[in-house]
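What follows is a set of notes on a single structure, which appears directly below.
The values are calculated or read from the model by the stated rules, or taken from the named source; none is laboratory data. Here the structure is a predicted model, which is why all the values come from computation and not from measurement. We place every Cβ from the backbone using ideal geometry, glycine too, and count neighbours over all the protein chains shown.
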Amino acid sequence: MNPSSLSGKTVVLAVTGGIAAYKSAYLASLLTKCGARVRTVMTRGATQFVAPLTFQSLTHEPVHVDVFDERDPSRIAHISLADEADLVIVAPATADVLARVAHGLGDDMLTTMLLATRAPVTFAPAMNVHMWENSIVKENIQKLQAHGYLIAEPGAGPLACGYTGKGRLMEPDDLLEFLEGVATKPHYKGVRFLVSAGPTRERIDPVRYLSNDSTGTMGYAIARMAWRMGADVTLVSGPSELADPLGVSMIRVTTASEMERVMIDHAKDADVIIMTAAVADYRPEAVLEKKLKKTQDTLSLSLVKNPDILSQLRDHMKPRAKLVGFAAETHDHEHYAQKKLREKRLDFVVLNDVLEPGAGFGTGTNRVTVYAANGSVTPFAQADKLTVAKALLQLIHAQREV
């Protein structure tokens, strides 16, 4: 189970009257599965698209619609909701509700609750593309942001109205990730991360290449968690089938030489560099323009060494920036980890035994030991890779503070 900063939190889910309201039911389910207590507020318009019973069934909590429906005489409902909330998400947020909140109106359960809460509030707009592009809507968005409200930008694509363009509600899985970022302590706010991930591919001919079993999962998990912790993250990824992490700047490369060029170019701006990529050690001396035909019983390839990216990075970094490498080993683990720590001039090296079940490439879990330049050795228990990423980033943060 991936770690969730939403576990144990009270999330007020405010649903307004748009067709995208049906996606909010899925969001309610996701939040509940994360361990959050979900309290739902709906406008009258929202109930025309999805019944309150849907949210009640998913969250096991009563749904609030009418500001005058005071079920408990000892409490004022919209004030109680506002006080109990650890965070509020308005999804979908129509142009109407954005305008009313931007101008301080409080004429129903949703808007009065929003005016009263001290919790962070996120709006997830959803509307027609021309409505989204309307200058008045833009002004209202800017006004809300100036007052500290957060905006989960809508996506682009086919809209329910028949148009195509920007205005789609951010997908529930991405909204959940956005809220994880809201709920996570911003240890790395203002810190620039450069992370590499995945394998590289070295072409033999148009249909074959040399590579390895890396999927990029560990590096992507680190990029996700660093973004949740407030960092400005650039992820340099070799070929991977994983989706781009929310909020992360992606740079895709294929070969070791391409990764070398990108990493060195971006190293000067980074405060923390984490090199998880499994870069091919060698590449074919020559790439054939046509498919190599099977003509003999044996085949010899002439290989040349690829650039050692990790050993070069320190020369291109800020003096106080942190450099973290990974060591995927099969034997003499500590010897090779300590050797890499010294020779590559690292602040940390993260060792994992790729032969151990549940660790290394192609698994959803990992078990690592972190060796630091100050001599400390920190073993982590086997856990899913997002949990390992969180523990690693907390360890780096603690030593950055020293």
If I ask for residues that are outside any helix (DSSP H, G or I) and farther than 29 Å from residue 155 by Cβ, which ones from segment 66-102 would you list?
66, 67, 68, 69, 70, 71, 72, 73, 74, 75, 76
Only one of these conditions is not met by residue 189: (1) in a loop (DSSP other than H, G, I, E, B); (2) under 29 Å from residue 79 (Cα atoms); (3) not polar (S, T, N, Q). Which number is it?
(2)
Do we find that residue 22 is part of a helix (DSSP H, G or I), touching a residue at least 40 places away in the same chain (Cβ under 8 Å) and surrounded by fewer than 16 Cβ atoms within 10 Å (Cβ to Cβ) in this structure?
no
Taking first residues from segment 133-155 that are touching a residue at least 60 places away in the same chain (Cβ under 8 Å) and second residues anywhere that are among the hydroxyl-bearing types (Ser, Thr, Tyr), the pairs with Cβ under 8 Å that are 6 or more apart or on different chains are 152/122
What residue, of 348, 361, is modelled with pLDDT under 90, aromatic (Phe, Trp, Tyr) and on the phi < 0 side of the Ramachandran plot?
361
Taking the condition of being closer than 12 Å to residue 204 by Cβ and of a type outside the set (Gly, Ala, Ser), how many residues in segment 260-295 meet it?
10
Hits in segment 248-280 - residues which are of a type outside the set (Ser, Thr, Tyr), surrounded by 14 or more Cβ atoms within 10 Å (Cβ to Cβ) and out of contact with any strand residue (DSSP E or B) (no Cβ under 7 Å at 6 or more places or on another chain)
258, 260, 261, 264, 279
Scan (1) basic (Lys, Arg); (2) more than 30 Å from residue 224 (Cα to Cα); (3) surrounded by 17 or more Cβ atoms within 10 Å (Cβ to Cβ) for the single condition residue 44 breaks and write down its number.
(3)
Can you work out which of the residues in segment 3-19 that are of a type outside the set (A, V, I, L, M, F, W, C) and touching a residue at least 40 places away in the same chain (Cβ under 8 Å) is surrounded by the most Cβ atoms within 10 Å (Cβ to Cβ)?
16
Just the residues that are within 29 Å of residue 178 (Cβ to Cβ) and touching a Leu at 6+ places or on another chain (Cβ under 8 Å), please, taken from segment 248-268.
248, 249, 250, 251, 263, 266, 267
Among the residues of segment 214-227, are any more than 28 Å from residue 353 (Cβ to Cβ), at pLDDT 95 or above and surrounded by fewer than 16 Cβ atoms within 10 Å (Cβ to Cβ)?
no
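For segment 142-164, check the following and say yes or no: at least one residue is in a strand (DSSP E or B), buried (at least 22 other Cβ atoms within 10 Å of the Cβ) and touching a Gly at 6+ places or on another chain (Cβ under 9 Å).
Going through segment 142-164, the residues in a strand (DSSP E or B) turn out to be 150-151, 155-158, 164.
Now narrow it down to the ones that are buried (at least 22 other Cβ atoms within 10 Å of the Cβ): none.
Within segment 142-164, none of the residues are in a strand (DSSP E or B), buried (at least 22 other Cβ atoms within 10 Å of the Cβ) and touching a Gly at 6+ places or on another chain (Cβ under 9 Å).
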Any idea which of (1) within 30 Å of the chain's Cα centre (by Cα); (2) within 26 Å of residue 168 (Cβ to Cβ); (3) of a type in the set (D, E, K, R); (4) surrounded by fewer than 20 Cβ atoms within 10 Å (Cβ to Cβ) is the one residue 39 doesn't satisfy?
(4)
Only helices (runs of 4 or more DSSP H) wholly contained in segment 236-345 count here; list those with 2 or more residues that are free of Cβ contacts under 8 Å to residues at least 60 places away in the same chain and farther than 27 Å from residue 374 by Cβ.
256-267
Checked 53, 58, 105 against criteria (touching a helix residue (DSSP H, G or I) at 6+ places or on another chain (Cβ under 7 Å), assigned by TED's automatic domain parsing to the domain that holds residue 133 and in a helix (DSSP H, G or I)); the one match is 58
